[in-house]
Amino acid sequence: MTTQSPPPDGVSRRTFLRGAGAGLGLTMLGGASATASPLGGFGTALSGRFSRTVGATDVLRLARVAVRGPEEAAFVLGHFDDTHRVFDDGAIEVLLWPGDLARLTASGLRYDITVEDVVERDQRALAAADTQSAAGGSLPGERDDYRTLAQFEDDLLGLVARFGDKARLIVLPERSLEGRRVIGIEIADDVHRVDGRPVWYMDGLHHAREWPSGELTLMFAFDLLENPQDDDRIAGLRRDTRTILVPVVNPDGFSWSRDALVQVSDPYASLPLAIAGLEAYWRKNRRGLIDETILPWLQRNPTSYGVDVNRNYSARWGGPGASGEPVLQDHRGEYPFSEPESRNVAALLRERQPVALNSNHTYTGLVLRPWGHTGGDGRFTPDEDIMRDLGAAMCEHNGYENWHSIDLYATTGTTVDWGYAALGALSYTFEIGFDNFHPPYAGDDGALHHYRLNREAFILLGETARFQHVEHRVWDRDTGDFGGTVAYPTHARITGAVVDGDGNPLPAELSVQRTTRIPLGSAADEEFYEEESRAQAATDGDGRLDWRLPPSTTPTAIEREETEAWELEIRAAGETVHKSVVVERGETAELGEIRIGEPTRGNGNERGNGRGLLRERPSRPNR
Ligand SMILES: [Zn+2]
């Protein structure tokens, strides 16, 4: 980057607050500029509340920035709020926050402003959408506009109440920084039964402004439970798998972004929001200079700068594509899992071991697969073939583009890379929508339209949990063409039967545990974050075990040419036996008959190929 001005570094505290969007400064401007407006319907509320009074520079703009080569691209991505859109000529779309235009100009890069005022553009789009009736039939969970945080919670609780044996409430372990709880739903026939069915997982709203990502995640919950089309594949997912959905990972950020438009009944809560008009575009969580909310009942931190939750996971944390600067929109936080939102997701998934994962985002119509980082030897993952071809199959339905994440640009510390690296789940990020973080709900780029597009893609992903092998056509990344069909392995399986000394079935509880090392940073594997995984299962009434899990060896261990095992513990009749099980993707570890206890009399009853094998490390008595 020889011809460019040096990047503006050494961000001052003042810039920091300005760059962080509608934060402290705007809150302080308070009463003088608040405009009373009749806030009837949603559209009316929007036009009233988006009348900004803090000056002409206080707008959000979209710019298309030309870059010549990777250094300039890295500069743009490292200093501005990119939207994920990269044009064919390599130009990058960025959202310019107040102050960014001057910095972009100072950088010497060529750019075009493509949208002069994003808030105004969206306000117009919404007004236009208001005049149309929501076309089309009703979809599962369909509404007439985006849910607020409270409506997400009500709908999740409502589903659990309506479908008690098929839906279980999941409360994630930690509250958010502003004290909100984070909830999800687990969906399966006879959901409360403990067994070995495979788990798969989707979430939304890591990023506050990406409202459709939460909507689609929740709509899929309605779809699975209501099954309005009497769809065998939906019924199959419910019968054979456990689906865990967490629509709102980042409730503080989402509430700040979404509830800004409706929280008019509380004058204290809505006052700063009415002034700024930009908070709907808030991306990060609500980490602040002070992390107690000054007015706890408001659940609003006025000093917030925010951490990008989707850069705060351990996988390659500290590498490129995430910033150490709090002012920046991809700020990775102080250390891996410094934020309750990422800790929540990781804690949940380490206990449940999903075999497939999709973290929903908006926008630009992409299906992204690991890796997102540069460096290291494995440019492609060990599971590139299946994730590429499954990605292509999903893209045939949603019309998105199928990308290896690093080919878009570098990211580190993301959910998708962590889910794949730490768990071995087949992992994706969906960038939903084409033109906007949250377009009009029922419009042609809105949540309803994109639910229709993505429903089949979600089912396909779920079927990698349902079936241990799936068939997909081979997709050529260069031409975009499909070739012949190949059967791919999706997950691992452990089978066996637990019996007592006389060969009678024994009810048994089982757990697995694994510790793996996840590389931090970008280059050689020098620093690691230790991740512990565990999961629980139980035998059925006949003492049989059929347990679907991610492969025992995690992908970064495969890259290091290591083998990892599930440390299996079987507890029955007051005894515990242990075994190390190495079982890779597509494989089944057949443990045969696992005998626990001595025969009550006589002959020893020689049967079962698991006998003796599992006696290697007996430990008793149990607890
Ligand atoms: Zn996002």
Q | Residue list for segment 167-208, filter: part of a strand (DSSP E or B) and either of a type in the set (Asp, Glu) or within 20 Å of ASN227 (Cα to Cα) (or both) | A | ALA167, ARG168, LEU169, GLY184, ILE185, GLU186, ILE187, VAL199, TRP200, TYR201, MET202, ASP203
Q.
Please go through segment 555-568 and give me each residue that is surrounded by 19 or more Cβ atoms within 10 Å (Cβ to Cβ) and of a type outside the set (Gly, Ala, Ser), ordered by number.
A. PRO555, THR556, ILE558, GLU564, TRP566, LEU568
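Residue-by-condition table, conditions (1) in contact with a helix residue (DSSP H, G or I) (Cβ under 6 Å, 6 or more places away or on another chain); (2) in the same structural domain as LEU218 (by TED's automatic domain parsing); (3) assigned to a helix (DSSP H, G or I):
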{"site": "VAL67", "(1), (2), (3)": "yes, no, no"}
{"site": "ALA74", "(1), (2), (3)": "no, no, yes"}
{"site": "ILE113", "(1), (2), (3)": "no, no, no"}
{"site": "LEU139", "(1), (2), (3)": "yes, no, no"}
{"site": "ASP154", "(1), (2), (3)": "no, yes, yes"}
{"site": "VAL160", "(1), (2), (3)": "no, yes, yes"}
Q. So, in segment 165-209, of the ones that are within 16 Å of the ligand (Cβ to nearest atom) and within 12 Å of the chain's Cα centre (by Cα), which residue ends up farthest from ALA235 (Cα to Cα)?
A. HIS207
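Do you know which residues across segment 419-454 are part of a helix (DSSP H, G or I) and either touching a Leu at 6+ places or on another chain (Cβ under 9 Å) or within 14 Å of the ligand (Cβ to nearest atom) (or both)?
GLY419, TYR420, ALA422, LEU423, ALA447, LEU448, HIS450, TYR451, ARG452, ASN454
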Q) In segment 210-243, which residue that is in a loop (DSSP other than H, G, I, E, B) and crowded, with 23+ Cβ neighbours inside 10 Å is farthest from the ligand (Cβ to nearest atom)? A) THR241
Q: Answer yes if at least one residue in segment 438-459 is in contact with a Lys or Arg (Cβ under 8 Å, 6 or more places away or on another chain) and on the phi > 0 side of the Ramachandran plot, and no otherwise.
A: no
**Q.** From VAL367, VAL345, VAL355, VAL307, residue being in contact with a Pro (Cβ under 9 Å, 6 or more places away or on another chain) and within 16 Å of the ligand (Cβ to nearest atom)
**A.** VAL307
Q) Considering segment 407-418 alone, what residues qualify as being within 16 Å of the ligand (Cβ to nearest atom) and surrounded by fewer than 24 Cβ atoms within 10 Å (Cβ to Cβ)? A) LEU408, TYR409, ALA410
Q) For segment 75-91, how many residues are away from the ligand (no atom under 16 Å from the Cβ) and touching a Phe, Trp or Tyr at 6+ places or on another chain (Cβ under 8 Å)? A) 0
Q. In segment 271-299, which residue that is at pLDDT 80 or above and outside any loop (DSSP other than H, G, I, E, B) is nearest to the ligand (Cβ to nearest atom)?
A. TYR281
**Q.** For GLY503: the one exception among (1) out of contact with any strand residue (DSSP E or B) (no Cβ under 9 Å at 6 or more places or on another chain); (2) on the phi > 0 side of the Ramachandran plot
**A.** (1)
Q) Does segment 428-435 contain any residue that is without any contact (Cβ under 8 Å) to a residue 40 or more places away in the chain and either in contact with a helix residue (DSSP H, G or I) (Cβ under 9 Å, 6 or more places away or on another chain) or not assigned by TED's automatic domain parsing to the domain that holds LEU224 (or both)? A) no
Q. Quick one: HIS472 ticks every box in (1) surrounded by 24 or more Cβ atoms within 10 Å (Cβ to Cβ); (2) more than 16 Å from the ligand (Cβ to nearest atom) bar one, so which box is it?
A. (1)
Q: From the list ARG352, ARG343, pick out the single residue that is touching a residue at least 40 places away in the same chain (Cβ under 8 Å), more than 30 Å from GLY586 (Cβ to Cβ) and surrounded by fewer than 23 Cβ atoms within 10 Å (Cβ to Cβ).
A: ARG343
Q | Among the residues listed as ASP117, ASP122, ASP144, the single one being touching a Phe, Trp or Tyr at 6+ places or on another chain (Cβ under 8 Å), more than 16 Å from the ligand (Cβ to nearest atom) and of a type in the set (Asp, Glu) | A | ASP144
Q: Could you tell me which of the residues TYR313, TYR335 is at pLDDT 95 or above, within 16 Å of the ligand (Cβ to nearest atom) and either hydroxyl-bearing (Ser, Thr, Tyr) or part of a loop (DSSP other than H, G, I, E, B) (or both)?
A: TYR313
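The values are calculated or read from the model by the stated rules, or taken from the named source; none is laboratory data. In this text, all values refer to a predicted model and were calculated from it rather than measured experimentally. With ideal geometry, Cβ positions are generated from the backbone for all residues, glycine too; neighbour counts draw on all protein chains shown.
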